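Structure, as C-alpha cells:
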Amino acid sequence: MSTFAQRETLTEQIARHLGQQIITGQYKPGHKLRELEIARELDVSSNTVREAFHIVEKRHLVTIEPRRGAFVSEITPRQVTDLYDYMFMLFGELATRAAMHWKAGDLQDFIALLERMGAQQQADDKPAFHATAFEFVHAALRFADNRYLEQALVDLLPELQRCSFIALQAETSEIDVSYALFRQIIEAMLKRDAEAAAAAARAYGDNQARIVLKAIGAG
C-alpha cells in the first residue's frame, strides 16, 4: 500500500517530500537521488519518482544530468548572493504594498503567526520557527496583487527555504534576529510605514545571506 494518501497528485506529494528532505538537509548538496531506491522506500513506481524529480528541478533544488541522474543542487556563493538580492528586492516591494493597502482584518493572521513564532523562539524550536516563518511569507503573497510578482516569489521559495534553514542551524542568534525583524515588519505595516516595512524585509535578507555565506565557507 502506498505511503501517500490520494487527496493530491501523487507526483506532487513525492516532489514535496523530496523537497522537504533537501530543504532540511537530509539530502546534502551533490547527493545522488536514486530513483529505484526512493520508489521502494515510498512504495510508488519509478516513473512517478522520475516525474517528481522534474518538479523538484523546477524548484531549483535538484539538477538532472543526462545519463547520470538527479543530484541535489549545490549551493554556491554566487547563487546565494543572487538569490537574496533578487528575492528581497521583491519582498521589499511586497512589504511596501502590504503596508500601503491592507484593510481591516487583513493583519489578524499575521499577528497570530507572529505570536506563534514568539513562542517557538522562546522554546528555541528552530524547525517549527522556520515552518511558521514561511507560512507568514505565503500569507503575505495575497498583497502582491500582481500575478508575475507572486509567481516569481513562489518559484524561488523552496530555494530560499533551503538557505533559510541553513542560516537557522548555523548561527544561534539567527532565530532571535529573525523574530525581531518580523516584528518590525508587522509594526511598520500597522503604522502604514511602507519605507520601514521594506527596510525591515531587506534587513532580514541581508542578515540571512551573510549567515548562509559564512556557513558554506564564503563569508
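Observations, loosely collected:
- Helix axis angle, 108-122 relative to the chain longest principal axis, alpha carbon, degrees: 70 degrees
- When the Gaussian network model of the chain links Cα atoms closer than 10 Å, the mean-square fluctuations of 169, 108, 13 top out at 108.
- Based on Cα contacts under 8 Å between residues 6+ apart, the range 74-197 shows a relative contact order of 42 percent.
- Summing charges over neighbours of residue 51, with a neighbour being any other residue whose Cβ is under 15 Å away from its Cβ, gives 0 when K and R count +1 and D and E count -1.
- By the count of other C-beta atoms within 10 Å, a proxy for reagent exposure, 116, 67 are ordered fewest to most as 67, 116.
- Relative contact order of the range 1-128, pairs being alpha-carbon contacts under 8 Å that are 6 or more residues apart, as %: 21 percent
- Which listed pairs, of 32/126; 126/191; 32/214; 58/214; 58/126; 126/214, have C-alpha distances above 23 Å, in listed order: 32/126; 126/191; 32/214; 58/214; 58/126
- Cβ-Cβ FRET estimate between residue 67 and residue 173, R0 fixed at 41 Å, reported to 0.05: 0.35
- The helix-based estimate of mean residue ellipticity at 222 nm for the chain, built from -39,500 (n - 2.57) per DSSP H run of four or more residues and divided by its residue count, is -23500 deg cm²/dmol to the nearest 500.
- Net charge of neighbours whose Cβ lies under 11 Å from the Cβ of residue 181, counting Lys and Arg as +1 and Asp and Glu as -1: -2
- Space enclosed by the convex hull of the alpha-carbon atoms of the chain, per residue, Å³: 135 Å³
- In the range 138-204, the trypsin sites (Lys or Arg not before Pro) that fall in loop regions by DSSP, at most 12 other Cβ within 10 Å: 191
- The chain: relative contact order as a whole-number percent, Cα under 8 Å and 6+ apart: 25 percent
- The slack in the chain from residue 149 to residue 26, taken as 0.36 nm per residue of separation less the alpha-carbon distance, amounts to 41.2 nm.
Laboratory data are not the source of any read-out in this text; all were calculated from the coordinates shown. Since this is a predicted model, take the numbers as computed values, not measurements. When we count neighbours, we look across all protein chains shown, and the Cβ atoms used for this are built from the backbone with ideal geometry, even at glycine.
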